[in-house]
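The values are calculated or read from the model by the stated rules, or taken from the named source; none is laboratory data. This structure is a prediction, so every number in the text was calculated from the model and none was measured. Glycine gets a Cβ as well: all are built from the backbone with ideal geometry, and neighbour counts include every protein chain shown.
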Amino acid sequence: MYRIAFIVVAVLALALGLLVGTLNSDTVSVDLLWIQLQWPLGLLLLCIFAVGLLFGLLVSWFFGIVPLRARLRKARNLEP
């Protein structure tokens, strides 16, 4: 069941990526102070979305999971 759900989500993500890339094919200039890039707008949007998603997951892990693990470790050490 999980395998089918994963395949469906992966196919939908691929289709959405192709749709965004196709509809936003104009080239844009990105100036990052030390490097200048000429990327298609769709690729830039997808990369920024992926970076934002990874950053959000990292922040939620750091402020959510890590403190809970520390509390669990502390609770386990207090038990006789």
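Structure notes:
- The C-beta contact set for the stretch 22-37 (first residue exposed (fewer than 10 other Cβ atoms within 10 Å of the Cβ), second residue polar (S, T, N, Q), distance under 6 angstrom, 6+ apart or interchain) comprises 29/38.
- Residue check for residue 67: free of Cβ contacts under 8 Å to residues at least 24 places away in the same chain and touching a Ser or Thr at 6+ places or on another chain (Cβ under 8 Å): no
- The helices (runs of 4 or more DSSP H) located wholly in the stretch 2-80 that include 1 or more residues which are at pLDDT below 90 and in contact with a helix residue (DSSP H, G or I) (Cβ under 7 Å, 6 or more places away or on another chain) occupy 2-23, 41-60.
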